[in-house]
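Trainee: Before we start, here is the structure in question, set down as structure tokens.
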Amino acid sequence: MKRILSGIKPSGDLNIGGYSGALQQYVAMQHEYENFFFVPDLHAVTVPQDPLELYHRSKEIAAFYVAAGVDPAKSAIFLQSQVSAHAELGWLMETQVHFGELSRMTQFKDKSDGKDAVSSALFTYPALMAADILLYQATHVPVGEDQKQHVELTRDLATRFNNRFGETFTVPEPIIQDLGCRIMSLDDPSKKMSKSNPNKNSYVLLLDEPDTIRKKLSRAVTDSEMSVRYDPENKPAVSNLLEIYSIFSEEPISVIEKRYEGQGYGGFKKDLAEAVISKLEPIQRNFREIIDSEELVRILKDGAERASAVANETLLKAKKAMGFLTF
Ligand code: AQP
């Protein structure tokens, strides 16, 4: 059976970039695979987090999985910090990854750029991410474009480990969708839409009210050409809005382009907002029902148990292969 491991960091409030690059894919793919969807809370603390916010956001990300339609009976949904094998295999993977490989990771360069105090965990983050994936012998990892380099490193580490210690890990394949794998900021189409962007108008949150969504999308930057045309190179802002429109309306870009042919951006942006609102409305309703429920706690406990069973088995195999005493 093909197996997926993927997750969304609780490092900020979830926005439509994470929906596009992760959440909607999980829902669409869940029936084809055996799934492990986790909340990578250990990754979130590679940059400073307020403890109370981390607590709430971790629960929120898990609630979004369920609210968007991930079926907890089919998929294990769990918190990374509740399956201790992640931290343990993460350490073992740190012993396999080279300093030079970690130094080449563009996400580390972006996130550490201009900062005085950078944690060593931010630097070794890809070793923990490799452990996350390899623990479940995942065959596939759905990710946004920005995580592709980390999955490639995971593949290298799995192959290196297998060559050195014997066949232990499955070498995973990344799955990167063509459309919506890199949703850009609403205020600057050269930057990825990110949870940690201090400008609240750069993203639409999954929990934004309809009027806030209308306002944010009406203010999204466009260009002076006034034609709704998909051309990422010359019209990056409008092309980004077209991708968002397509993801949320589930219509091909060509159909949307045709609808607004010869018109300016006003009607296009209004309809885009309505498409986003109508997709988010049931998710928001489900989210409110589940977020403070016992049901969510039960799902997370059950998910951690199912995940631990698989993860502990792989960890034991890896430790034995490396020569650790395992009685
Ligand atoms: N803007 C995006 N467009 C498409 N995919 C995206 N993803 C994130 N942002 C976009 C994908 O969603 C998955 C979960 O990402 P994450 O939240 O764990 O990490 P991230 O990529 O670091 O997300 P952010 O929003 O940029 O968080 P911060 O600012 O805290 O670092 C991943 O597969 C990601 O590619």
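The values are calculated or read from the model by the stated rules, or taken from the named source; none is laboratory data. These figures come from a predicted structure and were not determined experimentally. All Cβ positions, glycine included, derive from the backbone under ideal geometry; neighbour counts span all protein chains shown. Heavy atoms of the whole protein, side chains included, go into the accessibility calculation; ligands, DNA and RNA do not. Shrake-Rupley method; radii C 1.70, N 1.55, O 1.52, S 1.80 Å.
Trainee: Quick test for you: out of SER81, SER11, pick the one residue that is within 14 Å of the ligand (Cβ to nearest atom), polar (S, T, N, Q) and under 30 Å from PRO198 (Cα atoms). Spell out how you get there, then give the answer.
Mentor: On the way: SER81 fails: within 14 Å of the ligand (Cβ to nearest atom).
Answer to the selection: SER11.
Trainee: May I ask you to list the residues in the stretch 116-147 that are within 13 Å of the ligand (Cβ to nearest atom), surrounded by 16 or more Cβ atoms within 10 Å (Cβ to Cβ) and assigned to a helix (DSSP H, G or I)? Walk me through it before giving the result.
Mentor: Taking the stretch 116-147 as the starting set, the residues that turn out to be within 13 Å of the ligand (Cβ to nearest atom) are 122, 125-126, 128-129, 132-133, 140-147.
Next, from what is left, pick out any that are surrounded by 16 or more Cβ atoms within 10 Å (Cβ to Cβ): 122, 125-126, 128-129, 132-133, 140-144, 146-147.
Result: LEU122, TYR125, PRO126, LEU128, MET129, ASP132, ILE133, ASP146, GLN147.
Trainee: Mind telling me which of the residues TYR230, TYR245 ends up being of a type in the set (Phe, Trp, Tyr), open to solvent by 40 Å² or more (accessible area, probe 1.4 Å) and modelled with pLDDT of 95 or more?
Mentor: Selected residue: TYR230, the only one of TYR230, TYR245 that is of a type in the set (Phe, Trp, Tyr), open to solvent by 40 Å² or more (accessible area, probe 1.4 Å) and modelled with pLDDT of 95 or more.
Trainee: Same structure again: Does the stretch 174-185 contain at least one residue that is of a type outside the set (Val, Ile, Thr) and away from the ligand (no atom under 13 Å from the Cβ)?
Mentor: no
Trainee: How about the stretch 241-327: which helices (runs of 4 or more DSSP H) wholly inside it have at least 2 residues that are touching a Leu at 6+ places or on another chain (Cβ under 9 Å) and within 26 Å of PRO40 (Cβ to Cβ)?
Mentor: 266-290, 294-322
Trainee: Against the conditions (1) under 19 Å from the mean Cα position of the chain (by Cα); (2) not assigned by TED's automatic domain parsing to the domain that holds GLU101, where does ASP187 fall short? Just the number, please.
Mentor: (1)
Trainee: A follow-up question, please. Would you confirm, using the coordinates I've provided, whether THR212 is open to solvent by 30 Å² or more (accessible area, probe 1.4 Å), within 18 Å of ASN15 (Cβ to Cβ) and either at pLDDT 95 or above or part of a loop (DSSP other than H, G, I, E, B) (or both)?
Mentor: In short, yes.
Trainee: Okay, moving on. What residue, of THR170, THR159, is away from the ligand (no atom under 15 Å from the Cβ) and part of a loop (DSSP other than H, G, I, E, B)? Lay out the reasoning, then the answer.
Mentor: Numbers: THR159 fails: part of a loop (DSSP other than H, G, I, E, B).
Answer to the selection: THR170.
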